[in-house]
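Here is the structure we will look at, set down as structure tokens.
Nothing in this text is a laboratory measurement; each read-out follows from the coordinates by a stated rule. On a predicted model such as this, the values are computed, not experimentally measured, just so you know. As a convention, Cβ positions derive from the backbone with ideal geometry for all residues, glycine included, and neighbour counts pool all protein chains shown.
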Amino acid sequence: MADDTRNILDEVTGKEYKYGFVTEIDTEFAPPGLNEDIIRFISEKKEEPEFMLEFRLNAYRRWLGMKSPEWAHLNIPPIDFQSIIYYAAPKAKKELQSLDEVDPELLKTFEKLGISLEEQKHLAGVAVDAVMDSVSVKTTFSDTLAKHGIIFCSFSEAVKNHPELVKQYMGSVVASGDNYFAALNSAVFSDGSFVYIPKGVRCPIELSTYFRINAKNTGQFERTLIIADEGAYVSYMEGCTAPQRDENQLHAAIVEIIALKDAEVKYSTVQNWYPGNKDGEGGIYNFVTKRGICKGNNSKISWTQVETGSAITWKYPSCILQGDNSVGEFYSVAVTNNHQQADTGTKMIHIGKNTRSTIISKGISAGLSNNSYRGLVKVTKRAEGSRNFSQCDSLLLGDKCGAHTFPYIQTENKSSIVEHEATTSKISDDQLFYCQQRGIDAESAIGLIVNGYAREVLSKLPMEFAVEAQKLLSISLEGSVG
Amino acid sequence: MLLQIKNLHAQINGKEILKGVNLEVKAGEVHAIMGPNGTGKSTLASVIAGREVFEVTAGEVLYNGKNLLEMPVEQRAREGIFLGFQYPVEIPGVSITNFMRTALNEVRKYHGQEPLSGAAFLARMEEKKKLVEIQSKLTNRSVNEGFSGGEKKKNEIFQMAMLEPRLAILDETDSGLDIDALRIVANGVNALRSKDNAIIVITHYQRLLDYIVPDIVHVLFDGKIVKTGGKELALELEGKGYDWIRKELETR
């Protein structure tokens, strides 16, 4: 690579994180550390019913006997779970009845992040649940949605108001002992979003949750549960940011999706947690378990993710295709820069007959980062006539980063077809020169080329998100031109 | 004087390619640079455009009186220099429309102009597409991806038409073109001739010059311009071959 290209690359990879500010707000903390008392404290704070406390304690006891997974292509420094604060909540003076009662500092924070919580001002067609640290601050449009029988609220409210649904579905896709971080989350999760779309209802607006870590030394452990009843449809978006801090912060979330017969759930994520600085200091450890089950026949779950943040990402949004003719999709763009590490991909488990899955993964590595795709396609004996198509592409910017692909394929019947394609490419000096010769500077050219490379995935995002994601891709790579 | 090249020397990986080129181009002129393979024609085009793999070791290049060699590649482009590539590169996923809009707005920004509105941009695209007879669908495709040789070259001329450069350098635009494509490309170029801009056509063959009639023809040989004449020089070369130049040089 020519020297100039290298210089430009270095420049691009050195850009600042835009959401690194801290909100000064009165926050209530649990003492740091993890033990049964802390779990009881969280459960009590949230005025939970007995079954929730039992669920948490069971998970905690299982977690104690588990080990942090070591199979990923990641270098994870030891995490001191006793130094983390497991509950932090912006202090609310009383029960909120309307937006006027929300702390203006909180409103300002979300405003600054581009999220308006004032419904009349908000982008038409998007309802938002805003979560700061451990609690949900505000859910917009709840009343409008209720008219359709749709439940969209914070997880805590769901536990209080719809315990039967929570009891029936929580932990049904990701069991509390599924893995180390899922067990941890199940023990200490504090809030998150809950969605229920009743039979035959097509959710008229996009639902979205915005997660924000603010307080220092705290972990964020949220849980999202989405249930689409028979013939229902919902499109759900998730965004996240965190302040810029020198120490690492832990984020261990769980997302469970249940799609019953003929239902469809589209889940989109733009993950932009603080990635750490240029020298790899600070940043979020993002250990997330996301899984959906296509329980009924002809159901569909689609994951789209744009991953640009976090110091370490460990995340495999997956589909269990149980119903016959059910469909699972995974579209991913993962960008790593500087010292970021990502090990991300999906699992498609074909159980029902004639089930279909599509995996499109686009990895972009720059700086000194490492970016791995890890995916499992499993076709069981019963899943006759099933099909999978996987395409995993890697794009390298510069010559100091790494891209890796770990596809696992297991098929147990002969009538199924599994296809896997993979490519690795670099942005060439010729491409850059061509753009520059047309008047486009190298940095903009990289943005253009990277967005073009990721287009197939970006086109799957809801409109409101696609624009943000495009900008984010360019910003994440600013300083990395090569 | 639009372009003034004085005693230009350039090398790549320590090998000298240009060995003292002198060239003057005025606004309104069309120049043809001819010569056998490997004599430095494409290198000259690359050096003017600012390709960094070539190192300029001596000489100077003035563009509109400004020192061109000090400008970064994109600034030269914004100042109105356009290079029609011999081998246009593919940019997957980036549509021609998006690419051109980005480029055009960058150029406009440089000159302190507002970005072109969507409607104005599309109108301009339609007009220029007609000029080079490219199909409407082509501009929705990724830049040069899966294009035939002819489509790539037409796309270069289309981009030139969109950007309206003051100095266009066409590097062997005729190579790989059938006779129909050649005519279309030439028509595109001729439509852009004006008293304010200049065009340098680099070619092996006289064939293209039947369609784009040059004012001045140069022969580049072994890194230097060794002969300059009117359009009849091209015909003479076609008849006598480059050996004629070689022999003439030896007897000098």
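Key figures for this structure:
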quantity: Packing-based exposure ordering (other Cβ within 10 Å, fewest first) of B:Thr43, B:Thr97, B:Thr173; calculated: B:Thr97, B:Thr43, B:Thr173
quantity: The protein assembly as shown: calculated mean residue ellipticity at 222 nm from DSSP helix runs of at least 4, using -39500 (n - 2.57); calculated: -8000 deg cm²/dmol
quantity: Efficiency of FRET between A:Asn161 and A:Glu28 - r from beta-carbon atoms, R0 30 angstrom, step 0.05; calculated: 0.85
quantity: Relative packing of A:317-326, A:224-233, which averages over residues the other C-beta atoms within 10 Å, highest first; calculated: A:317-326, A:224-233
quantity: All lysines inside 16 Å of A:Lys45 as judged from Cα atoms, apart from same-chain residues fewer than 8 positions distant; calculated: A:Lys91, A:Lys93, A:Lys94, A:Lys160
quantity: 10 Å Cβ neighbours from other chains, averaged over peptide B:95-101; calculated: 2
quantity: Per-peptide average of other Cβ atoms within 10 Å, ordering A:202-212, A:154-164 highest first; calculated: A:202-212, A:154-164
quantity: Contour excess over end-to-end distance, with Cα ends at A:Lys67 and A:Gln410 and 0.36 nm allotted per residue; calculated: 120.9 nm
quantity: Added length on full extension, which subtracts the Cα-Cα distance from 0.36 nm per residue, B:Asp222 to B:Glu55; calculated: 58.4 nm
quantity: Charge tally in the Cβ shell below 11 Å around B:Ser42, where Lys, Arg are +1 and Asp, Glu are -1, B:Ser42 excluded; calculated: 0
quantity: Sequence ranges B:5-18, A:296-309, A:63-76, ranked by mean other-Cβ count within 10 angstrom, highest first; calculated: A:296-309, B:5-18, A:63-76
quantity: Shielding of A:439-449 by partner chains, average beta-carbon count, 10 Å; calculated: 6
quantity: Centre separation in Å (Cα based) which lies between segment A:316-344 and segment A:398-453; calculated: 17
quantity: Where the Cα pairs of the protein assembly as shown fall when distances are cut into 10 Å bins, in %; calculated: 3, 13, 21, 20, 15, 11, 9, 5, 2, 0, 0
quantity: Of A:Lys167/A:Lys347; B:Lys224/B:Lys247; A:Lys347/A:Lys471; B:Lys6/B:Lys26, pairs whose Cα-Cα distance is over 20 Å; calculated: A:Lys167/A:Lys347; A:Lys347/A:Lys471
quantity: Environment charge of A:His73, counting only residues whose C-beta is closer than 10 Å and scoring Lys/Arg +1, Asp/Glu -1; calculated: 0
quantity: Environment charge at A:Pro49 (Cβ cut-off 15 Å; Lys +1, Arg +1, Asp -1, Glu -1); calculated: -1
quantity: Average beta-carbon neighbours from other chains, 10 Å sphere, peptide A:418-430; calculated: 1
